[in-house]
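What follows is a single structure, written as structure tokens, with notes after it.
The values are calculated or read from the model by the stated rules, or taken from the named source; none is laboratory data. The structure displayed is predicted, hence computed values, not measured ones. All Cβ positions, even for glycine, are placed from backbone atoms using ideal geometry, and neighbour counts span all protein chains on display. Keep in mind that these areas ignore ligands, DNA and RNA; they rest on the heavy atoms of the full protein, side chains included. Shrake-Rupley method; radii C 1.70, N 1.55, O 1.52, S 1.80 Å.
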Amino acid sequence: MESALNGIKVVDFSQWLPGQYCGMVLADFGADVIKVEGVKGDPDRSFAPQLAPGMSSWNLALNRNKKGITVNLKTEKGREIVKKLLQQADVFLEGFRPGYLESKGLGYEEIHELNPRLVYCSITGFGQTGKYRQQPAHDLNIIGLSGMNFLNDSGNVAISEVQVSAIGSGLNAVAAISMALLARERSGQGQHIDISLYNTALSMQIVSLASILGCRVTGDTPFGRRAHYYDVYKTKDGKHISVGAIEPKFWAQFCEMIGLPELKARQYDFFHEDEITEMIREKIASRTRAEWEALAKAGMFCVTPVFRPEEALENDMTKESGMLQTRQEDIGNVTYLNPAVKLSGTPCSVRFRAPYAGEHNREILVSLGYTEEEIFAFKAAEII
């Protein structure tokens, strides 16, 4: 069965999560992705846990289905190799600060002249323009700057296990590249894609920010994400359950379940929000998470356990989701997390593990027309 992106050639020169995740999705759906790294390899190769020297779990997860080459951009020959790769490519993924690749003769305008059909995708913290464009930032900085830490209305700053702006930017890049490739079918021309983690973080808050902007016009108080019928409550055993009883019928069932039928008519009594929330907290704290889960299942409404990541990996929903697959690789068994998107006619697949740094140097360089003698000289001069 042919993959969705079969025949699309991608050069992935991204060192961190947003670009690597984007390249992974493109590769999983059949694109021919060449992972370009500096001669020492990407920084995430040294992260723990290590399944083999230079092969971290991070690297294995994000760089599967990619072939790997190392290139020293500080050398003229190294830049020549990258240009040759880009002349043959459909997509270029990069995450350097604005201006860096231009200084190496690899900026969009230069490469567009070499390959007008190339889709050139840049992923940075704050985009290609504006006074903050050189500002370094990781996901934790971005979600703080964008106001995302306070979306729970509690006023407590939280550190999420999920790099929201990074993964979101990777998905935005996948969508943008797909649209640019479709546009190229009509125009014959590639284009420059500018993905900003900060803009991604703002865009993901569309509902809450729209509420704030609307309230500035109407004078109302913005409605937050938490309410007594939409919150997380602690159980008797120190665990938690999520209550998402937005619909009145679910709220009524929830009130019956916890033994507070008098609250049925008070779903929207926000004037006494604290009082109602405290009543519910006391009731939820009287039983264990498993007890509440059993009671909620009988009614099939929106009351669910809050799982730790380890529990989520083992629960029946994950087992039935098709999201996990284990492959026997040369370094041992590796379990992969599949993309969430399922295509009936052109599904994704994991075909081979992530490369060691420079594992495919010879194969790729030979395909670009370099001789064995030149490749040996590149290695000796630390060009690759």
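Would you please put 207-217, 192-202 in order of how densely packed they are, using the mean number of other Cβ atoms within 10 angstrom per residue and starting with the highest? Before the final figure, lay out each step's value.
On the way: 207-217: 12.2, 192-202: 21.8.
Per-residue mean Cβ counts within 10 Å order the peptides as 192-202, 207-217.
P(r) tail for region 276-334, what percent of Cα pairs lie past 19 Å?
Percent of Cα pairs beyond 19 Å in region 276-334: 52.
In deg cm²/dmol, rounded to 500, what helix-only [θ] at 222 nm does the chain give when every DSSP H run of at least 4 residues adds -39500 (n - 2.57) and the total is split over its residues?
The helix-only estimate for the chain comes to -11500 deg cm²/dmol at 222 nm.
For region 78-222, max minus min Cα coordinate along each principal axis, in Å, sorted largest first?
Principal-axis extents of the Cα atoms in region 78-222, largest first: 56, 33, 28 Å.
I need the calculated FRET efficiency for the pair S57 and A312, taking r as the beta carbon distance and R₀ as 22 Å, to the nearest 0.05.
0.85
Could you work out the local net charge near A61, counting Lys and Arg as +1, Asp and Glu as -1, over the other residues with Cβ closer than 14 Å to its Cβ?
Summing Lys and Arg as +1 and Asp and Glu as -1 gives +2.
Give, in whole angstrom and from largest to smallest, the semi-axes √(5λ) of the equivalent ellipsoid of region 161-288, with λ running over the eigenvalues of the Cα gyration tensor.
42, 19, 13
Taking only Cα atoms and a 10 Å spring cutoff, compute GNM fluctuations for the chain and point out the largest among F47, F271, F13.
F271
Pairwise over distinct Cα atoms, reciprocal of the mean inverse distance: report the Kirkwood radius of region 9-146 in Å, one decimal place.
Kirkwood hydrodynamic radius for region 9-146: 15.7 Å.
Return the label of the correct value of Cα extents along the principal axes in Å, as calculated from the structure shown, out of [x] 83, 52, 38; [y] 95, 76, 35; [z] 63, 46, 43.
Entry [x].
Quick check: at a probe of 1.4 Å, how many percent of the accessible area of the chain sits on carbon and sulfur atoms? Don't skip to the end; give the middle numbers.
On the way: 11300 of 20210 Å².
That fraction is 56 percent.
I'd like the Kirkwood hydrodynamic radius of region 295-384, using the inverse of the mean 1/r over distinct C-alpha pairs, in Å.
18.0
Using θ = phi - 60° and the Karplus relation 6.51 cos²θ - 1.76 cosθ + 1.60, list the HN-Hα couplings for region 205-218 in order, rounded to whole Hz, with x at every Gly or Pro.
Running phi through 6.51 cos²θ - 1.76 cosθ + 1.60 with θ = phi - 60° gives 9, 4, 6, 5, 5, 5, 5, 4, 5, x, 5, 5, 7, 8 Hz.
Mind ordering 372-383, 284-295, 314-325, 110-121 by average Cβ neighbours within 10 Å, highest first?
Going by the mean number of other Cβ atoms within 10 Å, highest first, we get 110-121, 284-295, 372-383, 314-325.
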